[in-house]
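The values are calculated or read from the model by the stated rules, or taken from the named source; none is laboratory data. From a predicted model like this one, the values you see are computed outputs, not experimental measurements. Reconstructed Cβ throughout: ideal geometry from the backbone, glycine too, with neighbour counts over all protein chains shown. For the accessible areas, the whole protein counts, side chains as well, though only heavy atoms, and no ligand, DNA or RNA atoms are used. Shrake-Rupley method; radii C 1.70, N 1.55, O 1.52, S 1.80 Å.
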Amino acid sequence: MTAIYKRELKSFFHTFVGWLFIAALLFMMGIYFTIFNVYAGYPTISYVLQSIVFLLIIAVPILTMRTFAHERKYKTDQLILTAPVSVGRIVLGKYMALVTVLAIPTLIIGVAPLFLMQMGAFQTGISYTSLFGFFLYGCLGLALGLFLSSLTESVVISAVLTFTMLFLGYIMSGLCSMISGFGTTKVAEYVSKFLTCFDMVGRFDALSSGYFQVESVVYYVSLTAFVLFCTVQSIQKRRYAVSGRGIRLGAYNAVYILVAFAVMVGVNLALNYVPDQYTSLDVTANKMYTLTEDTKKLVESLDKDVTIYVLADEASKDTDLDKTLGQFQGMSSHIKVEYVSPVSNPMFYYNYTDTEPMGNSLIVTGAYDDVVVDYGDIYSYELNYTTYQSEVTGYDGEGQIVSAIARVSSSEIPKFYIVTGHGELNFDERFLNAIEKENIAYEEISLTGVDAIPEDADGIILNAPTSDYSQDDVDKVLDYLGQGGNALIVPTWTVESMERFEQQILGYYGVSVAEGMIVEEDRNYYYQIPYFLLPEIIYDEITQKVADGMVFAPLSRGLSYEEDEQNMYYQPLLSTSDSAFSKREPSGGEDYERSDSDIDGPFVIGMEAERNVGDGKISKAVIVASEQIFTAAADDVVPGYNVKLFGSMLSSLAQREFSVSVPVKYYEIGNLVFSAQALGVIAVISVFVIPAGCLVAGFIIWLKRRKK
């Protein structure tokens, strides 16, 4: 086998074929590498590999067409067929030479992540998983080309057949989706499922998404092994024909192939029955497909059945959503997932809603309620102001599903009232969605229009009022708190007097607010300007979900309290550094210099306070003195962490054991940054220098051999 391997490898590099294959791959890689990673700053090379995988459909047939067909045409294969070497070794030697040619550009591409890691936060796991999938796909393509070359003596026919097979494997996913939409019977669905087995690129796309699946790896390895086995049988049949024993081989040849096919199918089918948690690994930097601990606690505590209907057939299902659903189903016997084809059962949703949901929407049913999760809510979108098109920015599959499960399996839904009428800052959609995902009902209330806060209130939210409360409004709030009510309170800085709000409502918990606005002098505790704080997170049940990241608290004020206050309990959550101070006159947020009249820190800017109001009742308040902390703009600075903190605070006030709100998981972890000079240098090297170097090396070797 070694002699055949060396002979084949030399034939690729003593001619121009091997060098051209490597140069073509590196040239296309250089173009997309420059576009996606260097200029756009994408923190992964998976986009590059997904863009150049089509080139393998063209390059592989050229590389493999001569392996057996050329020798068969010129009868040089007779030497191999009569040699004292097993056919398996012959095939394996030729195949390993092909794999070596593919491995060279793959290894060169593999250097790119090591370089990009120096330019910022980089998705290393996704990049190398995608590269591994690219290599496996290429190996399968080489095996197919080798097999088809063994069937004919025409190199042209071999190349055309290989291109056709690879092209069909490339477009099979789209064909399956089209076929599944035909008719209203199960036939189209079954045909589509069968053809999915020939979707060669789908497994590579799955690996490129950051979800390492053993199923995808086994698919490529087993199918490659089967194709190589078929190649051995094809050559073996000719070998027996040369020796005059062709009649006897036919039966063995067919039986062996059927047995190998059955083994391959059996191995792949068996993996479908193994839970995803044992066969998959989330390699994304932000654990996009890994369920959070709170989600696991909720699912494991279920004692009633929950059924999740997916309005899609198997061929058109969303693969990311399917992975998440598989994890939910694998964690509890009480969760069942069923796919319902909108084609064969178009009126299914009528049992739960009058409005037709999008394809891949979910209908979650349980003991107490039914919830429809529209597919449009599974992903978050933002407008790209360069193209003026909406782009997917995050995945919210886990958050939407766990919230729906909590709702349908709970008999009681807590309710919060958002107090208005005092110039409060309105919550944007992101934080309102967080309230709903926490399985909490909410309603706005103006205190001037009611005699008291409703009895069904499990909590009230006072979000950054900018005008003071009337005494009547203060009395209504204090009456509610005095009966054991709970509150999320966000005081803010304003030039208006907030005497009643600060002295009576915050004073009810023994909390006071320092004059002015906090300026942070420690650069590790602020973002861009000293008024934009990145406070220290003090570990607590409320903050445990954000303890591994950062919270952004712009325009904050300092909170103080007496620790030995009777009937009171205090727990700081967010604090400044020792070098912070409160500037009494912020002057429009542009003056950061400390003056003699300013108040020295450190300060608490977020805290939990509990007051014993008698009769065994406790009134709890979570107080955060940052006006902008619960806004989308602030949350974007530390993607998702402000929303996580918001959900945990509400969950604590609702007296839940754990939060059921999972924020959107954003795809981007930050773009890579290159200097203008580096952009040009990298582009020239990756697009021209490296590919040209391969071509020049190949030309020199070819020219030397020709002169001999």
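Okay, here's what the table says:
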| item | result |
| --- | --- |
| Number of the exception - Tyr381 against (1) among the aromatic types (Phe, Trp, Tyr); (2) more than 18 Å from Gly647 (Cα to Cα); (3) in contact with a helix residue (DSSP H, G or I) (Cβ under 6 Å, 6 or more places away or on another chain) | (3) |
| Some residue of the range 621-644 being touching a helix residue (DSSP H, G or I) at 6+ places or on another chain (Cβ under 8 Å), of a type outside the set (S, T, N, Q), part of a loop (DSSP other than H, G, I, E, B) and modelled with pLDDT under 95 | yes |
| Filtered residues of the range 148-165 (kept if of a type in the set (Ser, Thr, Tyr) and in a helix (DSSP H, G or I)) | Ser149, Ser158, Thr162, Thr164 |
| Of all residues in the range 526-569 being over 38 Å from the mean Cα position of the chain (by Cα) and among the aromatic types (Phe, Trp, Tyr), the one that is surrounded by the fewest Cβ atoms within 10 Å (Cβ to Cβ) | Tyr569 |
| Those residues of the range 579-619 which are under 21 Å from Ala547 (Cβ atoms) and either charged (D, E, K, R) or free of Cβ contacts under 8 Å to residues at least 24 places away in the same chain (or both), in sequence order | Glu608 |
| Test: residue in the range 535-546 that is touching a residue at least 24 places away in the same chain (Cβ under 8 Å) and part of a helix (DSSP H, G or I) | no |
| Residues that are surrounded by 17 or more Cβ atoms within 10 Å (Cβ to Cβ) and free of Cβ contacts under 8 Å to residues at least 40 places away in the same chain, drawn from the range 361-375 | Val371, Val372, Val373 |
| Cβ-Cβ under 7 Å pairs, at least 6 apart or on other chains, the range 167-187 side more than 23 Å from Val60 (Cα to Cα), far side of a type in the set (Asp, Glu) and modelled with pLDDT of 75 or more | Cys176/Asp199; Ser180/Asp313 |
| Residues within the range 294-336 that are closer than 28 Å to Ile179 by Cα and acidic (Asp, Glu), tallied | 5 |
| Qualifying residue in the range 10-25 (condition: hydroxyl-bearing (Ser, Thr, Tyr), open to solvent by 40 Å² or more (accessible area, probe 1.4 Å) and modelled with pLDDT of 90 or more) | no |
| Evaluation of Leu131 against (1) assigned to a helix (DSSP H, G or I); (2) surrounded by fewer than 19 Cβ atoms within 10 Å (Cβ to Cβ) (one fails), failing number | (2) |
| Options Tyr47, Tyr32, Tyr5, Tyr42; residue that is within 30 Å of Tyr666 (Cα to Cα), in contact (Cβ under 8 Å) with a residue 60 or more places away in the chain, open to solvent by 40 Å² or more (accessible area, probe 1.4 Å) and aromatic (Phe, Trp, Tyr) | Tyr42 |
| Criterion: within 23 Å of Ile363 (Cβ to Cβ) and β-branched (Val, Ile, Thr) - qualifying residue of Ile453, Ile418, Ile445, Ile440 | Ile440 |
| Residues of the range 650-679 satisfying the condition of being surrounded by fewer than 13 Cβ atoms within 10 Å (Cβ to Cβ) and modelled with pLDDT of 80 or more | Gln655 |
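Table: residues versus (1) in contact (Cβ under 8 Å) with a residue 40 or more places away in the chain; (2) open to solvent by 50 Å² or more (accessible area, probe 1.4 Å).
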{"residue": "Asn268", "(1), (2)": "yes, no"}
{"residue": "Thr279", "(1), (2)": "yes, no"}
{"residue": "Asp282", "(1), (2)": "yes, no"}
{"residue": "Thr292", "(1), (2)": "yes, no"}
{"residue": "Val310", "(1), (2)": "yes, no"}
{"residue": "Asp313", "(1), (2)": "yes, no"}
{"residue": "Asp322", "(1), (2)": "no, no"}
{"residue": "Lys336", "(1), (2)": "no, yes"}
